[in-house]
Structure formats: C-alpha cells, structure tokens
Amino acid sequence: MSGVIRFGVSIDSALLHKFDALIEAKGYTNRSEALRDLIRDSMVQAESELGTKEMIGTITIVYNHHTRELTDTLTDLQHRYFHNIISTTHIHMDKHNCLEVLIARGRGNEIRSIAELLIGARGVKHGKFTLTSTGRDLT
Ligand code: NI
C-alpha cells in the first residue's frame with residue numbers, strides 16, 4: 001500500500017533543535033525529506049547487514065602502479081569476479097599514482113568480500129567501500 005501518511009513524533013526539544021540545525025547545514029528544506037532519507041539509509045544499512053539482497057558497491061582504491069605485481073593482482077581479481085564487477089574507471093593521477101573506482105553488483109556480503117580483497121592487496125595505499133541499494137525496493 002502506498003500513499004502519503006502524516007504522523008506525529010514525540011521528541012525531546014533539545015534533540016529536535018540539534019536535528020534541525022544538522023539538516024539545515026546539510027541543505028534540507030524540511031524535516032520530512034530529511035526523515036525519509038534517514039529511513040531509506042537505515043533500510044539500505046539493514047540490507048547490507050543481511051547480505052542476502054542484490055546491492056551495488058563502489059570500491060575506490062589508490063595505489064602506485066610501480067609496486068611489484070600489484071597491477072597483475074588487481075587485474076586478476078577483476079577477471080576472477082567479472083560477473084560482479086560491472087565497471088572500472090582508471091585515472092593516472094601523476095607519474096606514479098593511480099586511482100581506480102570500481103562498481104560491483106551482487107549480494108552485499110559477496111561484494112564486500114571482493115572489496116576487501118582489492119583494498120587489502122599489498123601496495124594499495126588507500127581504499128574505500130560504499131554499499132548502496134539498486135533502488136528497486138526504495139520508494
Ligand atoms: Ni594509472
């Protein structure tokens with residue numbers, strides 16, 4: 001069942017003032033949109049913890065391409081998980097450093113493991129993994 005429902009929330013006034021200041025700083029123009037985003041985010045978080053639904057992961061890695069065997073390791077991993085890794089963008093940042101952003105699709109726990117292998121490869125200087133929803137189940 002869909003349709004918009006209005007509901008009241010009891011909340012401590014000091015907490016609400018802090019929340020209002022926070023959402024204003026983030027650029028929200030009303031509490032409802034901020035609350036909807038918080039609810040969606042907690043649903044995505046729950047999906048990622050269950051690890052059963054198809055999700056989208058973004059993996060960002062920074063490395064020096066001169067590091068021995070590192071580019072081979074990263075390429076091998078990407079071929080091993082080609083069913084999951086749907087896009088890779090590589091940027092040569094200077095003479096030595098590379099940035100790669102990979103987008104992976106699959107069960108949350110599956111793509112988290114792939115991210116850990118890539119980020120944990122010897123020579124990767126920095127890595128970040130973000131999970132999001134395919135959007136299918138979010139209204
Ligand atoms: Ni490069």
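Axis angle, to the nearest 10 degrees, between helix 13-25 and the longest C-alpha principal axis of the chain: 50 degrees. Between the range 12-36 and the range 80-122, the C-alpha centres lie 35 angstrom from each other. Among the chymotrypsin sites (Phe, Trp or Tyr not before Pro) within the range 48-139, those in coil by DSSP and having at most 10 neighbouring Cβ atoms inside 10 Å are Phe82.
With both labels modelled 7 Å from their Cα along Cα-to-Cβ, the Thr139 to Gln45 distance reads 2.2 nm.
Would you please state the base-10 log of I(q)/I(0) at q = 0.19, 0.20, 0.22 1/Å for the chain, with intensities from the Debye formula using one equal scatterer on every alpha carbon? Normalising to I(0) and taking log10 leaves -1.05, -1.10, -1.23. Remark: spin-label model distance Arg36-Leu117 equals 3.9 nm, labels positioned 7 Å along the Cα→Cβ axis. Counted residue by residue at 0.36 nm each, then reduced by the alpha carbon distance between them, the extension gain from Ala21 to Ile5 reaches 3.3 nm. Under the combined filter of DSSP loop state and at most 13 neighbouring Cβ atoms within 10 Å, the range 1-108 retains these GluC sites (Glu not before Pro): Glu69. The angle between the Cα long axis of helix 108-119 and the longest principal axis of the Cα atoms of the chain comes to about 40 degrees, rounded to the nearest 10.
A Cβ-based charge dipole, computed about the Cα centre of the range 10-139 with Lys and Arg at +1 and Asp and Glu at -1, lands at about 180 debye.
Rounded to 0.05, the FRET efficiency of the Asn109 and Asn64 pair, given R0 = 22 Å and the Cβ-Cβ distance, is 0.15.
Here r is the Cβ-Cβ distance between Asp76 and Lys53 and R0 is 30 Å; the resulting FRET efficiency, rounded to 0.05, is 0.60. The Rg/Rh ratio for the range 2-67 is 1.16, where Rg is the radius of gyration of the alpha carbons and Rh is the Kirkwood radius. Highest mean first, the peptides 92-99, 8-15, 130-137, 110-117 sorted by other C-beta atoms within 10 Å per residue fall in the order 110-117, 130-137, 92-99, 8-15. Using a cutoff of 8 angstrom between alpha carbon atoms and counting only pairs six or more residues apart, the relative contact order for the chain works out to 31 percent.
With respect to the chain, whose longest principal axis is taken over its alpha-carbon atoms, helix 31-50 is tilted by about 50°.
Annotation note: chymotrypsin sites (Phe, Trp or Tyr not before Pro) in the range 1-39 located in DSSP loop regions with a Cβ neighbour count of at most 13 within 10 Å are Phe7. First measure r as the distance between the Cβ atoms of Ile91 and Asp12, then evaluate 1/(1 + (r/R0)^6) with R0 = 41 Å and state the FRET efficiency to the nearest 0.05. Efficiency, rounded to the nearest 0.05: 0.30.
Computed from the coordinates by the stated procedures, all read-outs in this text should not be read as laboratory data. All figures in this text were calculated on a predicted structure; none of them were measured in a lab. Backbone-built Cβ (ideal geometry, glycine too); neighbour counts: all protein chains shown.
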